[in-house]
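Chemist: I am attaching a structure below and will ask some questions about it afterwards.
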Amino acid sequence: MPPCRACRHTTGQIVLDLGEQPACDYFPRCDDPGPDPVYPLQMWLCERCGLAQLVADPTVPQEPRAAEPAALAAQAADAVGRAATAGLLPAGARVAEYGSPHGGSWLPLLSDRLLVPVADGDPADVVVDCFGLMHEADQHRALAGRLARLGAGGVLFVQYHSLATIVRCGQWNALRHGHYAYYSTKALVAMLAAQAFSPFAAWRFDLYGGTVLLAAKRSAEAAKILDAAQAQHDEGGAVADLLAEDVRVGATDPGVLRGLEGGAQATAIGLVDWLVAERDAGRQVLGYGAASRAVALLCRAGVDRGLLPAIADASPAKHGLRMPGTDIPVVSPAQLKASPPDSVLLFVSDLRAEVRAAFPEVEAAGGRWADADSLARTSMIRKGLLSSAV
Ligand SMILES: [Zn+2]
């Protein structure tokens, strides 16, 4: 086993093994019959620092072709608003951003607030990492690079999809090539501590079922802020709450993480059950959202175009291509307007509000939007793998 991407320790265990999977960002042409190359897809949990991570990634990242979801842009605006309200984004501060290939940049919003973007590598007062860090193979070096740019008093913001959410919602298909780390708050705090930084504030958001924004400073500065907050009887407990949630949902427990595997099987069966029922009822189905999590789900379920004839996606670069590992073509969402299907199976539930508003034709024609994640949950609850309380 290669050493931990954060602490370099070599002891740990595989907690999720999805077997051989195609690269989720390699969309072959429809006339390419495959088979597509496949690669092992496994999550490993470091015993020392607790970072859940991708074991190996022999895939080559493709040019980002996805359209930025409105929900991701909205979360960026929300996050900037909350950080500004906390007084952490003063006008004139120098800012550096480490962004995500999936969108959600803070920079235009920060420029509007009169912060000053600096050139690559230059010192900054504020470093923003919005879903960027998970794309770094060497987690220790990536974090060190970000922190090295901060002078005294500098703030690092890190926004991430939390491992607690992945566990709580059974999101086994969050595991994908190109995403090297899956953060519990405990693991991220340990990564920061190893470089003498500590979080002093945190905010939660609903995107992807639950994301977190942490603000961190040098440990001595963070401790002063937390002490002052306690002196004022301020809540100040957001980070402690997140650590408690890790424990409550089992995000740091290898046994609980191994439960994601059973969820993968149940959701795959749930998807096939639903698609077969739709077909038997004579209902026409179209998928929506050719995202990485759809790739993993369709591969696991072994679904082909016989059950799901096509998946619509907003990114024109994907039209005329097919989903990796299956023969399902990606088509233009214009098809939803031209001939609305009876059911649209949404693979990215965060797009729901956006697509319902964009394609009123579906519901006007008596069609309905179904959510692949909810089908999965229904199936898992039925099989006793998930509590109906979550
Ligand atoms: Zn580690």
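The values are calculated or read from the model by the stated rules, or taken from the named source; none is laboratory data. Nothing here was measured: the structure is a model prediction, and the numbers come from that model. Cβ: placed from backbone, ideal geometry, glycine included. Neighbour counts: every protein chain shown. SASA here: full protein model, heavy atoms, side chains in, ligands and nucleic acids out. Shrake-Rupley method; radii C 1.70, N 1.55, O 1.52, S 1.80 Å.
Chemist: What cysteines in the chain have no other cysteine with a beta carbon less than 4.7 Å from their beta carbon?
Modeler: Singleton cysteines: Cys24, Cys30, Cys130, Cys169, Cys299.
Chemist: Moving on to the next point. Any chance you could give the angle, 0 to 90 degrees and rounded to 10, that helix 219-231 forms with the longest Cα principal axis of the chain?
Modeler: Helix 219-231 sits roughly 90 degrees off the main axis of the chain.
Chemist: I'd like to compare 172-185, 250-263: which one has the highest average count of other Cβ atoms within 10 Å, and what's the full order after that? List each step's numbers first, then the result.
Modeler: Values: 172-185: 24.4, 250-263: 18.0.
Descending mean neighbour count gives 172-185, 250-263.
Chemist: Now, a different point. If you take every DSSP beta bridge whose two residues both sit in the chain, what share of them, in percent to the nearest 5, is antiparallel?
Modeler: Numbers: 29 of 53 bridges.
Bridges in the chain are about 55 percent antiparallel.
Chemist: Keeping all protein chains in place and using 1.4 angstrom, which order do Met134, Met323 fall into by accessible surface area, from largest down?
Modeler: Values: Met134 30, Met323 0 Å².
Largest accessible area first, the list is Met134, Met323.
Chemist: Still on this model: What is the packing order of peptides 337-348, 24-35, taking the mean over residues of other C-beta atoms within 10 Å and listing the highest first? Present the calculation step by step, with values, prior to reporting the outcome.
Modeler: Working: 337-348: 18.9, 24-35: 15.0.
My ranking of the peptides, most packed first, is 337-348, 24-35.
Chemist: Quick one: of the DSSP bridges fully inside region 125-215, what percent are antiparallel, nearest 5?
Modeler: On the way: 10 of 15 bridges.
The answer is about 65 percent antiparallel.
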